[in-house]
Amino acid sequence: MRAISAALLRVERVVLIALTLAVTVLILLNVVTRSTGMALFWVDEAAIYTMIWAVFVGASMQVRLRAAISVDLVPMALGDTAKRVLGFVVDLLVLSFALTLIWLSFIWYDPIGLAQAGFDFGAFAGSTFNFIYDEPTVTVGIPKFLIWLIMPILGLTLTVHSIANLADRLTGAAGPVLEDLVAS
Amino acid sequence: MVGAAFVVLLLLGVPIAFVLAGTALFYIVWSDQTLLLQSFAQQMFSGIESYGLLAIPLFMLTGELMNEGGITKRLVSFASVFMGRTRGGLAYINLIVNTLVASIMGSAAAQMAVMARAMVPAMEREGYPKPFAAATTAAGSLLSPIIPPSMLFVIYGVLAQIAIGDLFIAGIVPGLMMAAAFLATLALIGTLRELPMGSSLSLRERLIALRNGLPTLMIPFVIVGGIVAGVATPTESAAVASVAAALLGFAVYRELDWRRLPAILMRTGLNASIVIFIVAAANLFGWVIVYEQVPQALAAQLSALTDSPLMFLLIVNLALILVGMVIDGIAALILIVPILLPIAINQYGIAPYQFGGIVCINLVLGRLPPPVGAGLFVMTAMTGVRPGAIVRALAPFLIATVLVLLCLSVFPGLVTVLIR
């Protein structure tokens, strides 16, 4: 699992760099087109979605890199053994959230219900009152459920990374370091 | 019960975003509102569907580019042109550069790290006690939450649903007040204790420093000017500033290397996601706050205590410094604003701008005092000075900050004067 997590982290790094660059370019495009009176109406929304994808990719990475903000008042006050046990519990809680997110995405996207409706979005909405597949984006011109896909993806990547974190705790191995990843 | 779950998760050391999302999940199941489960992931997503939040990665990118591009040392020599042979000259320069950098970096922790590296060794060489050098630098970083473009203001604006540009403008007078208060504190210390003299520069050195430093001033000018003039949104001016920073670094100073760009973008993306992910999770936590009517319950208790806006603000000041000591500024802001802002506006008639300024200064102030002040430990790690020694040297600046906070609490006009 740690090998998968390491490979995933490298992919996430590239994706995060690309998305961050894309956000900047989109906003600049907006500035330029707006000031020349040729405003592109879809740029704002595209930039927001790009940023959101970047945020959730980064959210997955920060779990593996242990870079997220937490209150370390109690862990700092504990001895080494107690600190390790506590760290294990925390990782376990993050893993359980990741698995829950996969399940929540499953009941939201409801692939089984969709299959039963013969992959007909209208029939699916009619029978389940779940309108996920009918929600449009305002200006970008693609269905919103494609953009929401980052949520189940986040569930999956978080699961991989938090299992790798747990494996690190059990073996006492040091996880990947942010500066190494930045420099790679 | 839900409150207990929240506190336990927080104290265990669970990352704050997961504390918020986990508590919301616990609440949904506990209160048997399982219908909400289907929209859980969507709620998390929609919490950050906000144009204003785009400013955060862009400001962070500007800060990273400026760091790598050698901005700080040019600002230091630029500022020294104006100080010359003054008692405590380098200490003033430290504060002035901090004020300028604050308008670029927008993050107290990053600013503290950069400035500690740039200024503390230089001050030590000129003969300042190291704890005093560290304390001056730490005090300077207190300016970052209030001088535009403050990251805390961007998030506050999104949470409070008010224009971030107006918030930036509102921060100008309080920010200058803070800077002036710190300079006055330095002057006072300088007369009481013998601070080292600044070294004087030749005319030629001054001209070179001016020529090198002037272009860097373009960045704060682009950011603040664009917003104040109303021609650009904070997000747009952040994007323009990042281009300006890249141009300076790549073309003018030639200290940036294209091969460093992926690393810069990576750090930007990750740091931005650390902040914005908490905002996303806080949107879930918002369910708990709204359904459980937390603000209403707290308001009822507060109104039994006082009906004076000033008393309310004083209570808030005290409470926030305590919260800021335990929880990082941005995370604390995301937690607190949805609860306290409705009370401030509805029950005490306080303008959201005044409230925002006070909250943001408080949360950064809380980073400095012991026993847990995160900023204090950043400083200790950067300089090797013991926390106790920094705190003693820092005390006059903390007192100055508290005085400014009191002023802002008593005179709301100071914050709102520049807003049209």
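Look through segment A:79-121, keep the residues that are in a helix (DSSP H, G or I) and of a type in the set (Asp, Glu), and return whichever of them is farthest from B:MET266 (Cα to Cα).
Filtering segment A:79-121 for residues that are in a helix (DSSP H, G or I) and of a type in the set (Asp, Glu), the one farthest from B:MET266 (Cα to Cα) comes out as A:ASP80.
Which count do you get for residues in segment B:223-252 that are of a type in the set (Val, Ile, Thr), buried (at least 20 other Cβ atoms within 10 Å of the Cβ) and not in a helix (DSSP H, G or I)?
Going through segment B:223-252 one residue at a time, the tally reaches 1.
Tell me whether segment B:118-133 contains one or more residues that are within 20 Å of the chain's Cα centre (by Cα), touching a residue at least 24 places away in the same chain (Cβ under 8 Å) and either within 14 Å of chain A (Cβ to nearest Cβ) or part of a helix (DSSP H, G or I) (or both).
Taking every residue of segment B:118-133 in turn, at least one turns out to be within 20 Å of the chain's Cα centre (by Cα), touching a residue at least 24 places away in the same chain (Cβ under 8 Å) and either within 14 Å of chain A (Cβ to nearest Cβ) or part of a helix (DSSP H, G or I) (or both).
State yes or no: is A:MET76 within 9 Å of chain B (Cβ to nearest Cβ), crowded, with 22+ Cβ neighbours inside 10 Å and part of a helix (DSSP H, G or I)?
No, not satisfied.
Counting just the residues of segment A:164-184 that are farther than 17 Å from A:LEU16 by Cα and part of a helix (DSSP H, G or I), which one comes out farthest from the other protein chains (Cβ to nearest Cβ)?
For segment A:164-184, the residue satisfying everything is A:THR171.
From the list A:ILE132, A:ILE153, pick out the single residue that is at pLDDT 90 or above and either hydrophobic (A, V, I, L, M, F, W, C) or surrounded by 16 or more Cβ atoms within 10 Å (Cβ to Cβ) (or both).
Matching residue, one of A:ILE132, A:ILE153: A:ILE153.
As an exercise: evaluate A:ALA115 against (1) farther than 30 Å from B:LEU322 by Cα; (2) surrounded by fewer than 18 Cβ atoms within 10 Å (Cβ to Cβ); (3) within 10 Å of chain B (Cβ to nearest Cβ) and give the number of the one condition it does not meet.
(3)
Within segment A:79-101, count every residue that is more than 9 Å from every other protein chain (Cβ to nearest Cβ), within 20 Å of B:ALA281 (Cβ to Cβ) and surrounded by fewer than 18 Cβ atoms within 10 Å (Cβ to Cβ).
2
How about segment B:275-351: which helices (runs of 4 or more DSSP H) wholly inside it have at least 2 residues that are modelled with pLDDT of 90 or more?
B:309-326, B:329-342
Looking only at segment B:224-246, which residues are within 18 Å of B:LEU53 (Cβ to Cβ) and more than 13 Å from chain A (Cβ to nearest Cβ)?
B:ILE227
Which pairs turn up if I take residues in segment B:393-420 that are of a type in the set (S, T, N, Q) and look for partners that are crowded, with 17+ Cβ neighbours inside 10 Å and not in a loop (DSSP other than H, G, I, E, B) with beta carbon separation below 6 Å, at least 6 apart in sequence or on another chain?
Listed pairs, sorted by first residue: B:THR401/B:LEU365; B:SER409/B:LEU313; B:THR416/B:TYR353.
State all residues of segment B:247-277 that are within 26 Å of A:PHE56 (Cα to Cα) and either small (Gly, Ala, Ser) or more than 7 Å from chain A (Cβ to nearest Cβ) (or both); if no residue qualifies, say none.
Those that are within 26 Å of A:PHE56 (Cα to Cα) and either small (Gly, Ala, Ser) or more than 7 Å from chain A (Cβ to nearest Cβ) (or both): B:ARG259, B:ARG260, B:LEU261, B:ALA263, B:ILE264, B:GLY269, B:ASN271, B:ALA272, B:SER273, B:VAL275.
Of all residues in segment B:197-219, which are in a loop (DSSP other than H, G, I, E, B) and surrounded by fewer than 16 Cβ atoms within 10 Å (Cβ to Cβ)?
B:SER199, B:SER200, B:SER202
Please enumerate the residues belonging to segment A:47-73 that are assigned to a helix (DSSP H, G or I), within 7 Å of another protein chain (Cβ to nearest Cβ) and of a type in the set (S, T, N, Q).
Correct list: A:GLN62 only.
Yes or no: B:CYS360 surrounded by 20 or more Cβ atoms within 10 Å (Cβ to Cβ) and in a helix (DSSP H, G or I)?
yes
For segment B:164-175, state whether one or more residues are surrounded by fewer than 24 Cβ atoms within 10 Å (Cβ to Cβ), outside any helix (DSSP H, G or I) and either hydroxyl-bearing (Ser, Thr, Tyr) or on the phi < 0 side of the Ramachandran plot (or both).
No; the residues of segment B:164-175 include none that is surrounded by fewer than 24 Cβ atoms within 10 Å (Cβ to Cβ), outside any helix (DSSP H, G or I) and either hydroxyl-bearing (Ser, Thr, Tyr) or on the phi < 0 side of the Ramachandran plot (or both).
Kindly list the number of the only condition in (1) closer than 19 Å to B:ILE278 by Cα; (2) touching a Gly at 6+ places or on another chain (Cβ under 6 Å) that fails for A:TRP53.
Result: A:TRP53 fails condition (2) only.
If I filter segment A:122-139 for residues that are among the aliphatic types (A, V, I, L, M), outside any helix (DSSP H, G or I) and free of Cβ contacts under 8 Å to residues at least 60 places away in the same chain, do I get at least one hit?
no
Output the residues belonging to segment B:10-22 that are more than 7 Å from chain A (Cβ to nearest Cβ) and either under 21 Å from A:PHE88 (Cβ atoms) or surrounded by fewer than 24 Cβ atoms within 10 Å (Cβ to Cβ) (or both).
Hit for segment B:10-22 is B:VAL19, nothing else.
Kindly provide the set of residues from segment B:26-43 that are at the interface with another protein chain (Cβ under 7 Å from one of its Cβ atoms) and crowded, with 21+ Cβ neighbours inside 10 Å, ordered by number.
B:PHE40, B:ALA41
Pull out all pairs, ordered by first then second residue, where Cβ-Cβ is under 8 Å, the residues are six or more apart or on different chains, the first lies in segment A:3-27 and is facing chain B (nearest Cβ under 9 Å) and touching a residue at least 60 places away in the same chain (Cβ under 8 Å), and the second is among the small types (Gly, Ala, Ser) and assigned to a helix (DSSP H, G or I).
Going by the 8 Å Cβ cut-off, there are no qualifying pairs.
Tell me the residue from A:GLY126, A:GLY141 that is loosely packed, with under 13 Cβ neighbours inside 10 Å, over 19 Å from B:SER46 (Cβ atoms) and within 25 Å of the chain's Cα centre (by Cα), please.
Every option except A:GLY141 fails the conditions.
The values are calculated or read from the model by the stated rules, or taken from the named source; none is laboratory data. Quick caveat, the model's predicted, so the values are computed rather than measured. Using ideal geometry, Cβ is built from the backbone for each residue, glycine included, and neighbour counts are taken over all protein chains shown.
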